[in-house]
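No lab work stands behind these numbers, since they all come straight from the coordinates. Since the model is a prediction, treat every value here as computed from it, not as a measurement. Cβ: placed from backbone, ideal geometry, glycine included. Neighbour counts: every protein chain shown.
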Ligand code: T1G
C-alpha cells in the first residue's frame, strides 16, 4: 500500500502488515497505509476477513511522539479506527511485543484481538502527560470493565497476554502472531461469529453504572501517587464519561482533553524526559564497530545497603551474582536483609510468591576477594574512603580475569585516583547507584581519564539490562548530581542565617514538586554523616554543626532539623531548632529578615542550574538532557518539570542570570555569579536545549 504498510491476500483473508522500524509508531505514513489497506480490503468482494499485523520486534507502540506539536496530517487516528470498526468484515489484530497507546487503540477498533503469550498491552499516555486520544478511554473500559480500565489508563501500566485473556481484552493466545490470527479469523468466518464492536457494547459498564463506587474507588486508588500531575486526573475523568455520556459525545470530549494536555507544559516536559532518557544511553563519539564486552557473571564487593540493593537489581534481571564480603557475619547479615526485602515485596504482591526464592538462588554469597576470578563485571560497593577503595582495587587487579570491567559505586571519590592503583586503568570506571539501589532507576556511569570506550559501553548496556537509566558523566567532585546538590545545600544553610526556617524552605521545595526538602533529606541521611564529611574537608557549617553537637542526628535520633514521634518519619517543626538558629545568628552578629517563598525557590534552583552550566562547560556532562535525566531518576525531580536544565529554559536564562547576580552581591558569594556558559546563552537569548542542536 506504501513503504511502511503492505496488503496481501491469502485467498479470502487480507493481511495488512505494518513495517516501520524501530517500533511501528503510527506516523502519518503508517496511518495512511492502514487506512487505504482496510478501505481496499473492505471493498474487495472476495475478501471475507482482515488481519492487522506488524513486522519487526513489536506491534504498534503508539502514536509517533515526534509528530506531536507539528501540524496534524490526515487521516487522523480516529478516522483510521472508524474505518476498521465500520468496515463490515471481521478484522483481527495480531499482537506481539507491545501494543501501546494508539497501537492498542487501533486494536480496540478491530472486532477481535489475539496475542502471543509474551505480549504486553497498555495505554501509557499518562506517562507522557497525556490521555489516550483515539477512543482508548471509551473502548478499553468496554473491553475489560471500568475498574481495570481506569487502573490501566490512570497508571499507564501494561498488562500481559494472560491477564488480557482473563479480562476479555483478547480472544486467544496464539503463535505467529499473524499465522495464529489468520487461523482464528478462519474460525470466525466459518462460524459466522458476530463482530464485537466495542463502541456499541456497554455490557461491562452495567455494574459500575449501578454502583458508581466500583469506579470511584478504582480511580482514587490509581491516582494515589500523582502529586502535581494533571494527566492522571484527566484520565480518570475521561473514563468516567463511559458511565455518563453517549459514545460519540465522550469521544469528542476525550479529543478536547487530549489537545489541551498535548499543548501543555507538563506533557512537553514528560515527552522531553522520554527522549532524554533514550538519548542518555547513547555514548557519543564511539567509533563504528565498538561493541560492549559480554557480561554473563557479575561480582559485587560488599553486602551492605548499596551492595545488597545492587545485587538484587541483577537478580531481578535474571543475572547470576557473586556477592563478596570480608566475613561470614557481614555476609549473613547482608543476605538476610535481601531475603527480608524480597519477602516484603512478595507479601504486598509486588512480585510473584516464588520470586524471592528464585532470585535469592541467583545470588551466591562468599567470603574472599579471590572469588572475583570468573566475573566479567565487578562492582565495588565498600566503605566510602579512598584508602579502602585503593586497597580493594589493588586486590581486584590481581584476581580479576583479563578484560573484566572494574566499577566503583563511589558517590563522589576520584575514579582516576582509584584506577591508578591498577595496571588496567582502561577497564576502570564508576557505576554510581542510588539508594535504595534495587528501586532507584538512575546509574551515573563515570568515565575516567583512561576508561576504554568498550568498557564504558559495557557499563551502559548492563545498566539498561538491569532496568536502570544510565547517564555518562566525567570525573568531578560529586560527579553531576551530588555536585549540583552541594550548590543547593550551600544556599539552604545561608537561607536559615538570613531568616528562613527549615519547614519554610522544605515546604517551598515540596510545593515545586520535589518529594522532600533539603532539611528533611538531611535528617533522613543523618546529620552525623554530613558532619563527618565536612570534617574530612575542613568545612564549617555553624547551624548544622550546632545540631550535631546537640546530639540531633536526624531521624535516627528522633531529632534533627525537625523532631519525630517514635516510629514516625513525619517531620515536626521544633521550637528548639528555631532557638538554636536564632542563638547561632546572634553569636555571629547576623540579623534575620523575612525571606519570601519566591526568593527561596530561586535560591534553591538557580545555583543548581548555574552549577549544571559549569558542568557542561567542563564537559563533565555532555548534554543538558543528561543532567536532567540524572535529576529525574536519581534525585526525585518532578517529571512534569522535565529536569533542572529544561526548567531553566522554561523560566528563561536571562532572568536566571540576572537573579543570580543579585543574590551573589546580596550574599557576598561570587560563586553565585552566572557561569560563562549561562551568561553567554542569556546574552544571546538562547537556551540550554540549543546546545544539543549544535
Ligand atoms: N514514537 C516515536 N518514537 C518512538 C516511540 C513512539 N511512540 N516509541 C519508541 N520510539 C523510539 C525511541 O525513541 C527509540 O529511538 C526507539 O524507538 C526504540 O525505543 C493517540 C497519543 C515501545 C516499550 O508511550 O515505551 O499513542 O533512541 O529505546 O527499550 O492515544 O519505546 O533509537 O532513536 O524505548 O525496546 C504512547 C513509548 C504514545 C510507548 C520499546 N506510546 N515507547 O522499548 O526501545 S502516545 C508510548 C516505549 C499515543 C494515542 C497517544 C518503548 C517501547 P532511538 P526504546 P525499548
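Here are the numbers for the structure shown:
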quantity	calculated
Packing-based exposure ordering (other Cβ within 10 Å, fewest first) of 632, 485, 396	485, 396, 632
Distance in nm between pseudo-label sites at residue 655 and residue 449 (7 Å out along the Cβ direction from Cα)	4.3 nm
Residues 585, 110, sorted so that the one with the fewest Cβ neighbours within 10 Å comes first	585, 110
Residue-averaged 222 nm ellipticity for the chain, from DSSP H runs of 4+ at -39500 (n - 2.57), nearest 500	-15000 deg cm²/dmol
Peptides 168-174, 16-22, 403-409, 601-607 ordered by average Cβ neighbours within 10 Å, highest first	403-409, 601-607, 168-174, 16-22
Order by protection proxy (mean Cβ within 10 Å, highest first), peptides 314-321, 516-523, 669-676	516-523, 314-321, 669-676
Part-to-part distance (alpha-carbon centres) for the range 131-196 and the range 373-407, which is given in Å	50 Å
Contact order relative to length of the range 100-228, as percent, for alpha carbon pairs under 8 angstrom and 6 or more apart	32 percent
Spin-label model distance (nm) - residue 685 vs residue 388, 7 Å beyond Cα toward Cβ	5.5 nm
Cα pair distances in the range 369-517, grouped into 5 Å bins until the bin that holds the longest one, percent each	2, 9, 17, 19, 17, 12, 8, 6, 5, 3, 1, 0
Whole-Å semi-axes of the ellipsoid equivalent to the range 576-694 (Cα gyration tensor, √5λ, descending)	30, 17, 12
DSSP-defined beta bridges in the chain - what % are antiparallel, rounded to 5	25 percent
Relative contact order (percent, whole number), the range 590-694, Cα cutoff 8 Å, 6+ residue spacing	29 percent
Shape category assigned to the range 522-590 from the gyration tensor of Cα positions, a/c cut at 1.5	oblate
For the range 507-557 versus the range 236-276, the gap between their alpha-carbon centres in whole angstrom	41 Å
Distance from the range 312-368 to the range 593-650 (C-alpha centre basis), Å	36 Å
Average Cα contact separation per residue, the chain, under 8 Å, 6 or more apart, as relative contact order %	9 percent
Per-residue Cβ neighbour rank within 10 angstrom, fewest leading, 297, 57	57, 297
P(r) of the chain over all Cα-Cα pairs, binned every 20 Å from zero, in whole percent	16, 43, 33, 7, 0
Ordering of 534-540, 187-193, 383-389 by burial proxy (mean other Cβ atoms within 10 Å per residue, highest first)	383-389, 187-193, 534-540
Distance between modelled label sites at residue 590 and residue 201, nm, 7 Å Cα→Cβ extension	6.7 nm
Ratio of the Cα radius of gyration of the range 400-468 to 2.2 N^0.38 Å, where N counts its residues	1.07
